[in-house]
1. What do you get for Rg/Rh of the range 533-640 when both radii come from the Cα atoms and Rh is the Kirkwood radius?
2. Would you mind calculating the relative contact order of the range 508-628 from Cα pairs under 8 angstrom and at least 6 residues apart, reporting the percent as a whole number?
3. Give me the Debye-computed log₁₀ of I(q)/I(0) at q = 0.16 Å⁻¹ for the range 409-503, equal point scatterers on Cα only, no solvent, two decimals.
4. Give the accessible area for residue 94 in Å² (nearest 10); use a 1.4 Å probe, count only protein heavy atoms, and leave out ligands, DNA and RNA.
5. Okay, which of the range 255-278 sit inside 13 Å, backbone N to the point 7 Å along the Cα-Cβ direction of residue 147?
6. Sort the following peptides by mean Cβ neighbour count (other Cβ atoms within 10 Å, averaged over residues), highest first: 96-105, 269-278, 135-144.
7. Report the accessible area of residue 471, computed with a 1.4 Å probe over the heavy atoms of all protein chains in place, in Å² rounded to the nearest 10.
8. So if I restrict to the alpha-carbon atoms in the range 487-561, what is the Rg, and what is Dmax, the biggest pairwise distance, in Å?
Amino acid sequence: MVSYRPYIPLFRSIILAIYLFIVFPNSITAQNKKLVIIEGVVTDTLFKAIPFANISIEATTAGTISNIEGYYKLELNKTSDSLLIVSCIGYKTEKIKLSSNLSQKINIRLIPKNFEIDEVVILSRENPAHAIIKAVIKNKNINNPEKKPYHYSSNVYTKIELDIKNIEAPKEKGILYKNFGFVFENIDTLAETNVPYLPVMIAETKSTKYHFKGGAADDSEVILATKIAGTENASLAKFMGSMYMDVNVYNNQLNFDNVNIASPISNMPLLYYKYYLTDSIIDENGRKIYELTFQPKMKKSNSFYGKLFVVDSVYAIKKIDMRLSKSSNINYLYDWHINTVFEEFTPNEWLLKEYKGFLDFQFEETDSWELPGLYGLINIIYDDYNFSANPDSSAQILKDNRYINSLDILKDDDYWNDNRPVELSEREKNIYQMVDSLNKVPLFITVRRTLEMVLNGYYDFGRFELVDYQKMYSYNEIEGHRFRAGLRTSNEISEKFRVGGFLAYGTKDQRFKYGANLDYIFNPLPRFSFHLNYSHDTRVLGQTDNPFLNQTILSTLLKRTPNNKLTMVDEYKASIQKEWIVGLMNTFSFAHYTLEPTEYVPFVFHNGDSLSLMRTTVLGLSTEISPGREIITGAFERTSIGNHKPIINIDMALGIKGVFQSQNNYFRLGLLYTHNLPLASFGYLKYSFQTGKIWGTVPYPLLKLHEGNETYALDGKSFNMMNYYEFASDLYVGFAVEHHFNGFFLNKAPLLRRLNLREVVSVRGLWGTVSDKNLNYMKFPDGLNSLKYKPYFETGVGVENIIKLFRIDALWRLNHLNNPNIQKFSIRLSMQIGF
């Protein structure tokens, strides 16, 4: 599945948050917090704790619920002489007057009402809530909207808002305030949290969603109209659609990045949650509705607490209102409030009516210091369901392609005034004007581009971009001190073509390296593009494509051996990339390579003769099969995100002797299978399998040089305990398995629980050999060997999420321990930013 998620607007909002923190330090409420704390215990007349009582402040939406022991706590910026309202099903509501701006401890005793819960048929002494939730699970596949055995469509309206929280207008009205004062006119206080915030992005999308009886994998969405504050890029509309914003509580897990949160109606609900039957009512249509309250069963588990309302007899969900547990181990996500409403559109068929989501992102917080964070508000409204047995032709085409075929979707205000199911508030209307004005301020543009460079790897000058800043300086034993600069055209010149190039110089070899490339996009969706590249540069053959470990300042600082296994390569390459349908892409290429030997990587035959230049011409065909894959697509870049389905890559290459003085005929075939498998509370499993074979007689640089790593940085695609140029094969099989437990064990250790650390275990293996004809063709350089059918293994244990940024692994090499210059044990470090 190709999707466009709101990463670009979210990123710009983060940029604005950081920028305002730098430029207006007095505007951020990053100071000693003088919160008003209201806390206490709710009990009945017999002093028995009352769990899940509702506690709120009158005339606001600030509130909470009591826990299983009846304890509650409210943290407020301020209070007036208002009332604390305490209510619970089966008890009379109590109202207590609060003192203005004064922290108080208030214990509340509720008086029972004359109230009887309707009878529920249960077995023996079973918790009545358990009987109901088991019935919900039994009927999940029947009631799940994504598994209905018939076609239907619905109109969908999606509205998304992003805000910066903990911000106030600056008191100093200097020159900066004169430029940006209009921004702070939009500061408001969110009723959900009673915290000041500044809206910075709003987006609306009108679409038609199609469900096909084959299941959710076939569901699709046609974007009809969009409006996004601060941009006219229609392609962003795709990720503003409902398919990538709503939450299906019928799924076993709700996935947030690579973090899995157990649904309260997962297939094993009693493993994760405690349930209580708190009410049974008759709704306006005469149906019996059960109200169940649930809370996490285990401390520090990724889970929710809240209420769900179940329709009797069909056991469908009518409504669910839940929030993320405060003890969840999810970076930066402080709160996630989900409110989903279902409606009976045909008899006993309950489908989505409305979804409301509230996300609270907090970058860092202590008891006395709070940096700005982000709020995300999502509202999706479904209406006009159509249960036609034969979906129209455009929907059937979309089922196969899942693309926006028309970019004429940027609609004017008249369209939105006629088609919004709910009117925008005055505050929401002002966001459009404010964001558009902000992006015209030169100082803001400059700072935004600088911060984008740090995060994206290039600096935007407007019509041109400075690229690969991490490669501007590096050091190796062949070139000495290496300096490099790269430049390319930006989307401001064209979104159809891009021209780039680089120039590098080494102080030791005193040689210039250079390159140029051209990208031309015939059609962005589905992708059809042409690429032309020439480079004259050094590289380590067999190294992975990790952009931070290939001739960068980071690889220079973290190297563990002299970086001397470099080869000068002249590359001429032309390729065409064609996406046939979603999940199936081919790349056709024609390339010619000329390789120069060095004293560390010589080209010497067994008879003593040497080769001054090695040439090879290659026809290539690669195939990527990735059903269900989600892609962020820009004009030129494509980035895979959050995929939990397998990806298969098949690479074929034909070496042609005689073309441009090429010296070898050969055929190479490779297969790579990768999969990220979510495992609910047990984290997720990343595993891959690769195999390949080379037919023909080739010198060692054209064999499969297995990916090593000679730095102290952890490389997820390498055998980290293997050296460069240590093993080569013409027939091989390899695997990698890495289990991320997401704190399953460490979260249960009392002394470590607060650190939110996460465990990782890994193992990698490789089996391969080199045929006699290839062993006898050219001498291997010192240190390069064939596995000779003896497998290679390495394993490791690690801890990630260290201060939310770092991962440290202890790695062991298990065999081939007599090879020269190897490490049997090592500590490796990596940096990762994620939830």
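1. 1.06
2. Computed over the range 508-628, the figure is 22 percent.
3. Cα-only, vacuum Debye calculation for the range 409-503: -0.87.
4. Spelled out: residue 94, probe radius 1.4 Å, area about 50 Å².
5. 265-268
6. Highest-to-lowest ranking by the protection proxy: 269-278, 135-144, 96-105.
7. About 40 Å², rounded to the nearest 10.
8. Over the range 487-561's Cα set, Rg and Dmax evaluate to 15.9, 46 Å.
The values are calculated or read from the model by the stated rules, or taken from the named source; none is laboratory data. Keep in mind the model is a prediction, meaning the values are calculated, not measured. FYI the Cβ positions are ideal-geometry reconstructions off the backbone, even for glycines, and counts take in every protein chain you see. All accessible areas refer to the heavy atoms of the entire protein, side chains included, with ligands and DNA or RNA removed. Shrake-Rupley method; radii C 1.70, N 1.55, O 1.52, S 1.80 Å.
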